[in-house]
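The values are calculated or read from the model by the stated rules, or taken from the named source; none is laboratory data. Here the structure is a predicted model, which is why all the values come from computation and not from measurement. Cβ: placed from backbone, ideal geometry, glycine included. Neighbour counts: every protein chain shown. Ligands, DNA and RNA are excluded from the accessible area calculation, which covers all protein heavy atoms including side chains. Shrake-Rupley method; radii C 1.70, N 1.55, O 1.52, S 1.80 Å.
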Amino acid sequence: MISKFISTDVLAVLCLEDYILAGIGCTLHIYSRFSGELKETINATYPDKIHGITKGLCNRIAVYGAKTLCTYDFIIHNDTIQIAQLFETHRFMDWIISVNWLQKTNDVISVLFAHNNLYVFNVFEKHYKDVKCVERCILYGGSISGTCIEDLVIFSGTLFSETLIWTIRSCNEDSKTRASVLQRLKGHNGVISSVTYDAFTKTICCTSDDRTITLWKVKTTSKEHFINWKSVEITLTTTMYGHNDKVWRAVVRENIVVSIGQDSLICVWSTDGKLLNKIEAHPGACIWSIDITEDNNTIITGGGDGAIYQWPLEHNNVEVDIVLKYDKTRIPKHVGFLNSGTILIFIEGRMLLYRNKADDYPRQFINVPKYSSYCVMQLSPSREYVALASKDGFLNLHKEIIEGDDVQLKQIVEKKVMDSKIFSMRWLSNNTLLLCGVKGNLKIIEISSNEIVSQTEHILPPSRDCQITAAVMYKSLMICGDRAGSIYIFKTVESTLNCTKTACKSTYAREPVQTFPKIHGSLGVQSCAIIGTNLISAGRDGTLRFYELLKSDGDMSLRVLCEKRMPMDWVSNTLKTDTDTFVLGFKEVEFIIYSMVLRRILLRISCGGGHRSWDCKLANGCIKFIYIRDKQVYLVNRSLHSEFLPILQNGFHAKEIYSVQRLLSNSDHNIFISGGEDCTLRIFSMTESTSDNAICDFNTLDVLDGHISSVKSIAILNTKNTNMFSRNLIFSGGGRAQLRISEITVRLNREVLGSEDISCVQLMSHMLWGTDQQRRKSVQSQQYYVDPETRYMDISAYQDPVDKEQVFLFVACSDGYLRIFIYNIITDAILLGTSIRYNRCLLKVHSFTHREKIIVLTMATDGIINFWYLSPLLTQVVDNTYKNYLDNSQNITPFASFKLHQSGINSFDFKISTENVYLLTTGGDDNALNLIVVEVFNLPNGELSAKIISKWNSSSIHSTQITGLKFHGTNKLYSSGTDQKIISLVYSFDKQNLLVREQSTILTMIPDVQGLTLCNTNRNGDTLLCVYGKGFEMITDYSKVQ
Amino acid sequence: MGKTSKDKRDIYYRRAKEEGWRARSAFKLLQIDDEYHILDGVTKAVDLCAAPGSWSQALSRRLHETCKNDKKTAESVNPIIIAVDLQAMAPLEGVIQIQGDITNAATAEEILKYFANEQADLVVCDGAPDVTGLHDMDIFIQSELLLAALNITTLILRSGGTFVAKIFRAKDVSTLYCQLKVFFAEVSCAKPSSSRNSSIEAFIICKNYSPPEGYVPNELASFLEKYNSTKLASLTGINRYVIPFVVCGDLDQPDSDTCYPLNFEGKEYKYHEPTQLPISPPYAEAIALAEKENVNLKKADASIVIHNTASKCESSPCNKQITEEAKNDLATTPNRKKEDEEDEGPIEKFDLVESFVDFHIM
């Protein structure tokens, strides 16, 4: 078995000229900094993980982790890179904290260990010196500084919140004396996670569990080369608070300190303690590693989500926001960019035009006194027209006229179009406007040859705040969103120009034809946009929602597809570019631009929030953003180029993965769906290039939000498979007794599948005890029996072979019940049919048909596997006709029970051997692995029964919990455990005898292994295993299946 | 998080409060004793890394109870229980407390003094280190803690005595098993049913202390160094971990993975305050400072910096400078409360930290 791909915690990154080195698991990855391309991988520290990479002179590299050390010479020549291992991998008895090359010789390396001792190690002569510090305690962090043995100084970060400074000079080669502690730095309240010393600035920087970073100044009197560490004065200069969790590492460069924490944040500080920037770099995940490129331009981070990102390191906020100058006693109301880039500011009845930021005075004043006390302003989509609306129903239109260098606004028309105040308006196209008057009265008007022509009139259903905040036109549909978070669809006319009066009337309707009440919560819809045949709405609930525009019988309607949670509080807008879709929005005081393709924030601008008027324009790779703050108008120009530093490694789940299931696996594609602690479902594909030893790569196709707690289990039901597409129902369950059902369609018309080949519909979310809001209501009304802590541990989906509309969902619950839901595919309705009380936490469930009978297996924390015959009960439940919960199943008992384990059964697999005979394998919390052959038969009285024909077990194959088991082919079994072992076993069942033999073992670099999944094969017919836990690893088994 | 949230989630946590235990881990020791009878005949017991003291409490209750029962029938000795921890602990009846470092030989001498220079019958250790979140490192540090406990145990445990300690069942656990086997005739791994199924935590039960010939007490590190490079290296495959695994606690006892309704077994639920308040976390000062200065550090541009002008590095901080640009801003977006923020916490995962009550620093 060979590891082909790994995505897990990135514990070490290092910049080496134009390359970035990263340690993922035991594999050293080498990326090109500018192209982002993975150049090479080296299996370095197996079976330990890489925790650090250190650079010596002439690109000499030490890679270390846990107790293993490897060294390499990197020969970089233009575009090629050659790597030669210096000496064989070295294994120590102790945990390595830090490694340092002695640059004066470059073949001596010093290694600091967790027991506070130092090895000085000549890599060629294999000669070493071991010096122990007097203070014997476990180190969590530390570093070594110095270029030769004489000036080596050790900074040890202890679990007793102290940093110790010691040297080895006082210790003779052969003496057993211990090095004494020269200085103790006390200033933290928690474990010291890292200590670095910057010899250039003579600054010591410590990070700690207490969420702080401290800077210490080493006071040397002159430019003396040697520092007498015993007598030198070291003062704590600065303590910095900015992280919300443990601070893990920090790097000091000139006058900048960059710290990373377990709160996903990068904090950039000046050395005098000023916070310059805070970046949420790996959302939801810890950041484990950091380096800064040699040109001090770029920060590289590696996270617990497996991602490696590059970030621009801006020194003193290079971009200065420019304040537009105008009379400061007045309050600017609206701002915007015209098509030419000219800036328009509306201020108390005047429109001011600024050609560019250097203008001291506006180029043009336009007085519009009618709009001085109240004004709504909107720019047309092409930014050529400016519409102003007044409190007495007037509409004023100006057009941008460009003559050479000169830009002017010319009024083209003004007319009273409404009897009431115009509360809001939105452009539907470059010549159509939607106006919203009092009580939700809507009016569509068209501008035709400088005339305003009224079109249709509509009305919003009565609500608290009857005002549109977003609108878009799609053919003859007008879709708008309101302040209360609802979306309405109106039938209107496309245009009077190509529509006869009668035809118009037939399609037109005053009332909405379709309504999605409060779909964006109660905070309001911010925008609606059409991309392709989909509608995207953005709202103040921090989500983007996707809808499909369906056409049936000539009628158009909207179907909700899915929602995506954005890393912002308010989502304002989407901006389509050639290759990407940007999402604009606000989080607290920041304006945020998020890339849908890169799935990360591109740009953050601190602007004070999104309450006031702002505008954002994208032109020539530049983002122009204008906003109002403290009665001033600010303009920000940002090149997107620096924000587009290539991603070196894409991220995956931010936390543990609990389930990975195969969605589609054939010779061309391997598509999986995964869920975990971070409450998301992810659809991803693994690709293997055709050449033999090529590296696998993975591609996240979609991320589904919507679970409010962790996802523990995923069940897949294939509903349709053709050459062109594959359609599946996904049932996902987990914490807070939540069950979600989604439909995922994969279109197979291309060789390499991308995000656009996947479409996902979130069909429903079901919560056993209702949503929090519903529960709160029930408290007020009456009794409060609720157990919101129930977790759905496992799900098995069973489609009725006769009535294919009907799907039974068997859900193993942590409160000791097996719950049975009935889901109707056609009506998309779910009902809790009944539940069976077991009284121990159920961990696993499986359902299958045995001679047209439905049998369900359950496994619990008591180590017992139970066989339930459920056909009669299910008939009863269905006969109960979807009306009521059947409360009559307490007396049902399993027809067979086998105690296979001392405690919880964490993994199993099940398959038919021959008629009536089944193979079952289980793995437990008690290290035991069972393989049993079970016969299911009828007793003379006709009742079902089961017996074990043959049994094999082992408690020594794994030394810990067994968390994953999978049968493969006719005679293979794979197992995985928290001991990180992946074992392939070969079994044979012959004449009642079960023979099992261990075939091969590999250690995975995935900690906290939760299970494994198999994919059929690649093109060569090898087996591909996906092992998951904290990250995932793809392992190929080359031994052929029989 | 709701006040009753944890009560709903964990039956042992709820019971610990009801029965006055300082932490739910008390049940783990009781269940181990039910299975292994580690307390039989014990008159001198040591609890290492004892804070907040639930194991000492369990030892005290059981040993004194046995003693009382014995007194009715025959002669018996009053048990002596010593709890050792770096930090001070609220006093416990029938338990002698020593505030000391288990890696220090002087601590061993102090313990033996209380036993009138006799050695202990039983040494237990439920200590767990500060976790980093890196599984391999946390597992390493836990194993080092276990070896430190073993080292002091070799100084204070009588021959034939029992040693019980927390162990993480993960990669390389078999190496630890082998090392323990050198010192004890019977070694097995136990998982009480009060410990969660998903947790990698287990307990090593080492009976019949019989140190190898030539072993010098308190020299465990150098002994193991030699052992690892010679004996251990030659032990491969199956020989490395034939250690029985035993689940303690029968099916009548509640299941720590199951969520039980609050009104359970006919008893009306009543909320109990924790017996012992959690030890203050390392970040307590950061939280207190942010509160005092009214700075929400979660905000994108919020920070606090303390400039230290005093010349000595031990001196206390002064000159607080608050740099919160957000303060002047009139507009702030509403703080949307995430639905899962309120009463949701991921329930069970890689269960290194169970709760602060359960947990303490070595």
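A few points about this structure:
- Scanning region A:194-211 turns up one or more residues that are β-branched (Val, Ile, Thr), under 30 Å from residue B:296 (Cβ atoms) and touching a Cys at 6+ places or on another chain (Cβ under 6 Å).
- Residue among A:629, A:682 that alone is more than 28 Å from residue A:793 (Cβ to Cβ) and buried (at least 18 other Cβ atoms within 10 Å of the Cβ): A:629
- Pairs, first more than 20 Å from residue A:828 (Cβ to Cβ) in region A:752-780, second modelled with pLDDT of 70 or more and part of a helix (DSSP H, G or I), C-beta under 8 Å, six or more apart: A:769/A:737
- Test: residue B:171 is open to solvent by 10 Å² or more (accessible area, probe 1.4 Å) and touching a Leu at 6+ places or on another chain (Cβ under 8 Å): yes
- Region A:201-212 residues that are over 15 Å from residue A:262 (Cα atoms), paired with ones that are of a type in the set (Asp, Glu) and not in a strand (DSSP E or B) (beta carbon under 8 Å, 6 or more apart): A:201/A:254
- Residue check for residue A:228: at pLDDT below 90, surrounded by 17 or more Cβ atoms within 10 Å (Cβ to Cβ) and either within 12 Å of chain B (Cβ to nearest Cβ) or farther than 30 Å from residue A:50 by Cβ (or both): no
- Residues in region B:148-164 include at least one that is out of contact with any helix residue (DSSP H, G or I) (no Cβ under 9 Å at 6 or more places or on another chain) and closer than 30 Å to residue A:247 by Cβ.
- Filter result for residue A:480 (surrounded by 14 or more Cβ atoms within 10 Å (Cβ to Cβ) and touching a Leu at 6+ places or on another chain (Cβ under 6 Å)): no
- Residue A:126 open to solvent by 20 Å² or more (accessible area, probe 1.4 Å), at pLDDT below 90, on the phi > 0 side of the Ramachandran plot and of a type in the set (Lys, Arg): yes
- Test: residue in region A:799-813 that is assigned to a strand (DSSP E or B), within 13 Å of chain B (Cβ to nearest Cβ), touching a residue at least 12 places away in the same chain (Cβ under 8 Å) and in contact with a strand residue (DSSP E or B) (Cβ under 6 Å, 6 or more places away or on another chain): yes
- Residue check, residue A:473 open to solvent by less than 10 Å² (accessible area, probe 1.4 Å), touching a residue at least 40 places away in the same chain (Cβ under 8 Å) and either assigned by TED's automatic domain parsing to the domain that holds residue A:366 or closer than 19 Å to residue A:558 by Cα (or both): no
- Scanning region B:101-121 for residues that are in a helix (DSSP H, G or I) and open to solvent by 50 Å² or more (accessible area, probe 1.4 Å) turns up B:106, B:109, B:110, B:113, B:114.
- Residue identified as away from every other protein chain (no Cβ under 14 Å) and touching a Ser or Thr at 6+ places or on another chain (Cβ under 8 Å) among A:66, A:44, A:84: A:44
- Matching residues in region A:835-864 - criterion: being open to solvent by less than 40 Å² (accessible area, probe 1.4 Å) and among the polar types (S, T, N, Q): A:835, A:847, A:858, A:861
- Some residue of region A:781-790 being under 30 Å from residue A:928 (Cα atoms) and modelled with pLDDT of 90 or more: no
- One residue from A:665, A:659 being away from chain B (no Cβ under 14 Å) and closer than 28 Å to residue A:1010 by Cβ: A:665
- Cβ pairs under 7 Å, 6+ apart, first in region A:267-279 and facing chain B (nearest Cβ under 10 Å), second crowded, with 21+ Cβ neighbours inside 10 Å and not in a strand (DSSP E or B): A:267/A:242; A:267/A:243; A:275/A:242; A:278/A:242
- Taking residues in region B:190-202 that are more than 14 Å from residue A:960 (Cα to Cα) and outside any loop (DSSP other than H, G, I, E, B), and partners anywhere that are at pLDDT 90 or above and open to solvent by 10 Å² or more (accessible area, probe 1.4 Å), the pairs with Cβ atoms closer than 7 Å and at least 6 places apart or on different chains are B:192/B:27.
- Filter result for residue B:127 (modelled with pLDDT of 95 or more, open to solvent by less than 20 Å² (accessible area, probe 1.4 Å) and not hydrophobic (A, V, I, L, M, F, W, C)): no
- Test for residue A:73: is it more than 25 Å from residue A:35 (Cα to Cα) and either modelled with pLDDT of 95 or more or acidic (Asp, Glu) (or both): no
- If you check A:832, A:870 for being surrounded by 15 or more Cβ atoms within 10 Å (Cβ to Cβ), away from chain B (no Cβ under 14 Å) and more than 39 Å from the chain's Cα centre (by Cα), only one passes: A:870.
- Strands (runs of 3 or more DSSP E) wholly inside region A:117-215 that include at least 3 residues being within 14 Å of another protein chain (Cβ to nearest Cβ) and in contact with a helix residue (DSSP H, G or I) (Cβ under 7 Å, 6 or more places away or on another chain): none
- Only residues that are more than 23 Å from residue A:1011 (Cβ to Cβ), in a loop (DSSP other than H, G, I, E, B) and in contact with a Phe, Trp or Tyr (Cβ under 9 Å, 6 or more places away or on another chain) were counted across region A:907-938, and they come to 1.
- Meets criteria (assigned to a loop (DSSP other than H, G, I, E, B), closer than 30 Å to residue B:255 by Cβ and modelled with pLDDT under 95) for residue B:174: no
- Single condition residue A:856 does not satisfy, out of (1) assigned to a loop (DSSP other than H, G, I, E, B); (2) within 30 Å of residue B:251 (Cα to Cα): (1)
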